[in-house]
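One structure is given below, represented as structure tokens, and several questions about it will come after.
The values are calculated or read from the model by the stated rules, or taken from the named source; none is laboratory data. It should be emphasised that the depicted structure is a prediction, and the values quoted were computed from it without experimental measurement. So basically every Cβ, Gly included, is an ideal-geometry build from the backbone, and we count neighbours across all protein chains shown. Each accessible area value is taken on the protein alone, full model and side chains, heavy atoms only, with ligands, DNA and RNA left out. Shrake-Rupley method; radii C 1.70, N 1.55, O 1.52, S 1.80 Å.
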Amino acid sequence: MKRFSILLRVILLSTVLLIVLIGSVIYLSRQISHHKSTMFSQVELLSVVSEAQSASQAFGDVKYWLSDLAVSMLMHSERRSNSAREELFARLDQLEPHNPNAVAHIRKQVDLLMAKALLAVDAYAKYERVLGNSLMSASRVHIREAEKGISELVRHLRVKAFRNRDMALEESARTQRLTIFVVLLASLFGMTLTFFVGRSIHRTLGERDRLALANETSQKALIERESRLDAILTTVADAIITIDTKGRIMTFNPAATRIFGYQVNEVIGQSVGMLMSPEDSARHNGYIEHFMRHGHGGGPMRSNREILGRNKFGREFPIHISLSQMEVGGKVMFAGILRDVTELKRHEGELLSAKDAAVLANRSKTEFLANMSHELRTPLNAIIGFSEMMKMEALGPIQPPEYREYVRDIRSSGTHLLDVINDILDMSKIEIGEATVADSEVSIAAVMSSCLRMVDERAKRGDVQLLAEGLDHLPLLLADARMLKQILLNLLSNAVKFTECQGSVRIFGGIDGDKQLFITVADTGIGMTNEGLAKAFAPFQQVDNSLQRKFEGTGLGLPLVKSMMELHDGTASLESTLGVGTIATIRFPATRVARDLTAPNLLTDQDRARAS
């Protein structure tokens, strides 16, 4: 607005205010017109209510003259009843547009009333009083229905009239509020616009003084900024050194004096190479020379590296240098921020030593577990084998019979302990990097069929339903068959184990949008909290670690699943809600999906029956 003259600004202000005034008047006129039509509608509806009340009075006349006709049997009463009926129907004609169904019902009841009343009169005339009384009694039903219909019609019209009255009152109040609001808004807009125009005029008149004041303020700010920069350079802990394109030192802050031992007057104008080891000095000079000749990729130079610095007394020490290009007064200069990293290097060395020691200790632990697992498997296999022979009574019957239960317990405990040892051995191999993946084209349906047979007995004992869906049509998978079977068996075993009686375990799979093959095991079991999910994939962790926990296990099942999936470049994930269930999903990358081959249908009818 500064580019307009003061006169033009005043004209623009007047024009805008006039437009706002005209618009406000048009808007308020429309609101008043709408309110007027609403009031007309309300008056019309009140007239309709009066018509309904007149219809009610007319029906009362009909009842009266019909009753008089039944008693007196005079032609006068019959004419008066017909006249009252015609008046009633005339009233109903006026009410029909507002509620046609109610009017039709009233008409029907009045006609039936008239017909039965006239029949009753004929019966009385023939001295058939019993028949006449019966017909008059029947006509009362139509009287009640007609009265009920007329009452409902009157009530409906009154409610509608009251509602329209309330709407009209509300419309009137809203119109009043809108009028006040529009007037206030127009006034506020006018005052605001006037304020801004006046302010712009005031700014134009005082622009010269403000420019002078701004120039004075900028000069003060420049002085303050230079003072702050000097304070920063003086107090900063890192050495800050600037050099020209020939490598000569231009500035040297107090921290540089503390780190290198030189005073400012000893280094200004000298080569920056005096602060580096001979090897780093030669490389640095070559780097600067190459940059000045060829540039640095078309942009300013940025460099972060570690070199060996050298102090005034010849001691060399590691420093980290951040070098950047700047331009001052049209001249190219380089600013370097240098930090003595001697202590940092020492700490890094200590941390690396500690890490190596921890890795060695973990490897020793893992190798010990692997060796112990091998040592324990041999006697356990013997225990399981002999308990199996005793269970089969290969050398004769076992007496007393109670010993058979002991043999089953021995075999069950030995098998469980062997499974634990095998899990520990597998985890140990993975941790020390000795686990290898023997890739082959594997049918997921075939592996799942075997796993279903292995968990079927436990599922039946726990009354858990197994549901396998969509696995027949999955493509072949490039994977280690033994590991895949162990992954699926661990997921199925966990799902069955943590699903209570009459629950279900659903297994399904497919190819997602990223061409990855996924297999999901969803159960309706006890579920887990967020805290349980956080430690589910950690080795030897149990969601329930109390001494009274209900479910057995070592806590290696899911960690093995995760580790074996990582060996296949895949992922394993869990979703769970406490008391609702758990969804476990494994995903294999697209590179492991055999796209040109389709897995044969290896889920047998018996497997489907078992899974349903």
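What distance in nm separates the two pseudo spin-label positions at Ala435 and Asp244, each 7 Å out from Cα along the beta-carbon direction?
Roughly 6.6 nm, to one decimal.
Tell me which residues come under 5 Å, amide H to amide H, from Leu467 once H is placed; ignore anything under 5 positions away on its chain.
Val505, Arg506, Ile507
Turning to a different aspect of this structure: Calculated FRET efficiency, Glu405 and Leu352, Cβ-Cβ r, R0 45 Å, to nearest 0.05?
The pair Glu405/Leu352 has a calculated efficiency of 0.20.
Relative to the present Cα-Cα distance, how much length would full extension add between Arg79 and Glu469 at 0.36 nm per residue of separation?
Length difference between fully extended and current span is 132.0 nm.
What are the residues whose amide H is under 5 Å from the amide H of Gln516, where those residues sit 5 or more places off or on another chain and H is modelled from the backbone?
Here the answer is none, since no amide H 5 or more places off falls under 5 Å of that of Gln516.
Could you pull out the pairs from Lys108/Lys160; Lys312/Lys345; Lys220/Lys246; Lys63/Lys108; Lys515/Lys562 whose alpha carbons sit more than 26 Å apart here?
Working: Lys108/Lys160 24 Å; Lys312/Lys345 22 Å; Lys220/Lys246 35 Å; Lys63/Lys108 15 Å; Lys515/Lys562 20 Å.
From Lys108/Lys160; Lys312/Lys345; Lys220/Lys246; Lys63/Lys108; Lys515/Lys562, over 26 Å: Lys220/Lys246.
Could you work out the local net charge near Met276, counting Lys and Arg as +1, Asp and Glu as -1, over the other residues with Cβ closer than 15 Å to its Cβ? Show your work: numbers first, answer last.
Values: positive: Arg248, Arg283, Arg305, Arg310, Lys312, Arg315, Arg339; negative: Glu279, Asp280, Glu306, Glu316, Asp340.
Net of charged neighbours comes to +2.
Run the numbers for Ala221 and Glu457: contour at 0.36 nm per residue of separation, minus the present Cα-Cα distance, in nm.
Numbers: separation 236, 0.36 × 236 = 84.96 nm, distance 8.47 nm.
So the extension gain works out to 76.5 nm.
Calculate the dipole size of the stretch 111-191 relative to its Cα centre from +1 charges on Lys and Arg beta carbons and -1 charges on Asp and Glu beta carbons; express the result in debye to the nearest 20.
That gives a dipole near 160 debye.
Show the residues, 5+ positions off or on another chain, whose built amide H is closer than 5 Å to the amide H of Leu476.
Ala594, Leu597, Thr598, Ala599
Express the carbon and sulfur contribution to the solvent-accessible surface of the stretch 211-273 as a percent, rounded to the nearest whole number, probe 1.4 angstrom.
59 percent
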